[in-house]
Amino acid sequence: MIYFQNIYNLRDNVITGFLNTFSIALIAIILGTLIGIIFGMVLTYAKKPVQWPIRIYVDIMRGLPVLVTVFVVYYFLNSVLNMLFGFQMDANTSGAVALTLFSAAQMTELTRGALQSIPAGQIEAGRAIGLTFPQIFVKILLPQAVVQMIPPWINSATEMIKASTLLGMIGIVDLLLVTRQIVAKYNDALVYYVIIGCFYFILNTLIEFFGKRLSKRVNYLEKAAR
């Protein structure tokens, strides 16, 4: 089919776009999850003065459009880094930082909600058998929280894939930018955007599929441990 042949003719750009899209989204998902778990724990169990900076960060990140965050990191933060330290992040790094900031804010709220749903008596029970709070968190609280976090985490992961389509605005060669290049060369915009839309749909469907498999596995292990 001529449309796929045209895509194949620009395969180097397509491969670059795929790798950039996938790698930046993956970095944002992994780092955002790790940061979000830590911040969520702080918002749940730390004293109020310690919570305030994180609360402000989460509210700002969740209130801003992702594109604004991308622009702030790429233009403003880079200007600050250049002024203070004499260096700037490249576009790919800036995009990864911006999406990680957004992902971490989302995961912070997911973690906080999951932890707050666990009865407080379980902490007291852990202390009664001589466990320290870090031990209680790792052995008792976190496993239960993870079971509740996985379904919304899947949605957050797919949001990162969708959000990556904004990175072309700062010059990152992502799949959407490559699609625009293909359209500029061969026209037939509708066909090529439908094709790339199907690709994003398949990628997000795969994430949901493996996420649900993981959720079932974690549920099974959690029940077996009781």
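When only Cα pairs below 8 angstrom with a gap of at least 6 residues are kept, the chain shows a relative contact order of 29 percent. In terms of distances greater than 26 angstrom between alpha carbons, the cross-link table entries Lys47/Lys212; Lys47/Lys139; Lys139/Lys212 yield Lys47/Lys212.
Between Ile195 and Leu67, the contour length at 0.36 nm per residue exceeds the Cα-Cα span by 43.7 nm. The length gained on full extension between Leu131 and Val80, counted as 0.36 nm times the residue separation minus their Cα-Cα distance, comes to 13.9 nm. Dividing the summed -39500 (n - 2.57) terms of all DSSP H runs of n ≥ 4 by the residue count of the chain sets its mean residue ellipticity at 222 nm at -26500 deg cm²/dmol. Scanning the chain for long hydrophobic helices, with DSSP H runs required to stretch 24 angstrom or more by C-alpha along their axis and to average at least -0.5 on the Kyte-Doolittle scale, returns 11-45, 91-116, 142-163, 189-224. About the centre of its Cα atoms, the chain shows a dipole size close to 720 debye [charges on the beta carbon of Lys, Arg (+1) and Asp, Glu (-1) only; nearest 20 debye]. The distance from the alpha carbon centre of segment 15-30 to that of segment 38-67 is 26 Å, rounded to a whole number. Across all directions, the average projected area of the convex hull around the alpha carbons of segment 44-104 is 4.9 nm².
A compact globular protein would have a Cα radius of gyration near 2.2 N^0.38 Å; the ratio found for the chain is 1.21. Under a straight-distance cross-link criterion of Cα-Cα below 13 Å, which aspartates and glutamates are reachable from Lys162, leaving out those fewer than 8 residues away in the same chain? Within the straight-line limit of under 13 Å, Lys162 reaches these aspartates and glutamates: Asp174.
Simple spin-label estimate for Gln116 and Ile56 gives 2.1 nm between the two label positions (7 Å along the Cα-to-Cβ direction from each Cα).
Since every read-out is calculated from the coordinates, none of them should be taken as a lab result. Since this is a predicted model, take the numbers as computed values, not measurements. We place every Cβ from the backbone using ideal geometry, glycine too, and count neighbours over all the protein chains shown.
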